[in-house]
Structures are given as C-alpha cells and as structure tokens.
1. Based solely on its DSSP helices, what 222 nm [θ] is calculated for the chain when runs of n ≥ 4 H residues each add -39,500 (n - 2.57) and the sum is averaged over all residues, nearest 500 deg cm²/dmol?
2. Between 0 and 90 degrees, rounded to the nearest ten: what's the tilt of helix 22-53 against the longest Cα principal axis of the chain?
3. Against the globular-protein guess of 2.2 N^0.38 Å, express the Cα radius of gyration of the stretch 17-172 as a ratio, rounded to two decimals.
4. Give me the dipole magnitude in Debye, nearest 20, for the stretch 86-173 about the Cα centre, with unit charges on the beta carbon: positive for Lys and Arg, negative for Asp and Glu.
5. Ordering 102, 39 from largest to smallest accessible area (1.4 angstrom probe), what's the sequence?
6. Enumerate the lysines that residue 184 could reach by cross-link, defined here as Cα to Cα under 29 Å, with residues fewer than 8 away along the same chain left out.
7. Could you give each residue of the stretch 113-120 its phi-based ³J(HN,Hα) in whole Hz, using Karplus coefficients 6.51, -1.76, 1.60 with θ = phi - 60°, and x for Gly or Pro?
8. Rolling a 1.4 angstrom probe over the protein heavy atoms, how many square angstrom per residue are accessible across the chain?
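The values are calculated or read from the model by the stated rules, or taken from the named source; none is laboratory data. Just so it is clear, the structure is predicted and the values come from calculations on it, not from any experiment. Note that we place each Cβ from the backbone using ideal geometry, even for glycine, and neighbour counts take in every protein chain shown. Accessible surface is based on the protein model in full, side chains and every heavy atom, while ligands, DNA and RNA are left aside. Shrake-Rupley method; radii C 1.70, N 1.55, O 1.52, S 1.80 Å.
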Amino acid sequence: MTSVAPVILLAAEKESAEVTDWAARVGWVVGLGLFVALVYWLMREGWKWRGTLQSDLPALPTAPDEPGTAKLAMSGRYHGSTTAGQWLDRIVAHGLGTRSRVELTLTDAGLDVVRPGAADFFVPAAALREARLDKGIAGKVLTEGGLLVVTWAHGDKLIDSGFRSDHAAEHNEWVDTLNDMINKTETEGAR
C-alpha cells in the first residue's frame, strides 16, 4: 500500500492549464493603444505650437517668371531647415519642416527649391549667405560631409536648409559654385 501513496500524491498535484483572461488582455491592448494615440496627439500639438511660435517668419518667396539659365541642377532629398548655427532648432513654419524629395536649380537669380508634395520656395541670390558640407541637421545625421547645407537670410532670420543629392559627389561642386556666387554678389554690393 505504500507504493500507491506516491501515485495519489502526483495525481493530486497536477493542475489544469491556466485559462487566459481575455477581458484583461483586451483591456491592456486598448490601454496601450490609447497611450500611443495620446503620445502621437501630444507630438502633433507640439509641432503646431512650434509653427505658431515661428509665425513671425514672412511668407516664402516664389521663383521669378524668368529665373535665367541653370548653372547647376540636382535631385535628391530635402531634410529640413533650422535656425542658422543651431542644428536642432527645426523651423516648421510655412512647411519648411516637411521632409520631401527635392529638385534644386541654381541660376543667377537664386536657388529654386521645388518639392513635390510640399511647398516650393525660392532663395534670391542676394539672400544666400554660405554653403557648406555638414554631417547633420535636425532629425538627420549622416557621415561627415554627407549633407549640403545652404545658409540664407529670410526676413531678419538666418536659416540653414539641408539637402542630400542622389549623387553625393555633386555636393562639392554645389558648395564651390554657391560660395563663388555669394562672394561675387557681396563684391558687387560693396561697390
């Protein structure tokens, strides 16, 4: 009879599998979904608030009817604009914070920025201040020299706009040509 006792104890210790509590699981999923929606809503409100704070920025200029012949043309990506020298201070007013594809054209009149799906703008030659290669701009960090950054004046604010060509080898030519054009404009303005 002693051999039967361990068998009875083993049978008594077995329990059925735990039943899933679907109400609790659905509650957690719904709660997580509401939390994600709240975070998204707060981010969107922050973006709108930043646009409101930058509402003093004047409207963006448009390209002239006759801009002249193209010195350079480039297709690539527009990564955004920031306050000059502050690569994390993104400017969102007038759609400048919207990333998009871009077609850049440099003429004697200035820099024409055509963005499918976003607001196009034009930077007059007199407003151009500097062109350089950099590694990042708000929300986008690349290898050293992977980003073409153009500094330009708009109203009383200096703005850095970041572009990346589909062919990164073009960046050096853009920097040289833009800086030569800026130097000529400054020299002619000093006369």
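1. -11000 deg cm²/dmol, from helical runs alone.
2. The answer is roughly 20 degrees.
3. 1.37
4. On the way: 10 positive and 13 negative charges, 76 e Å.
Here the stretch 86-173 has a charge dipole of around 360 debye.
5. 39, 102
6. Cross-link targets: 71, 135, 157.
7. Taking θ as phi minus 60°, the curve returns 10, 9, 10, x, x, 9, 6, 6 Hz for the stretch 113-120.
8. On a per-residue basis, 63 Å².
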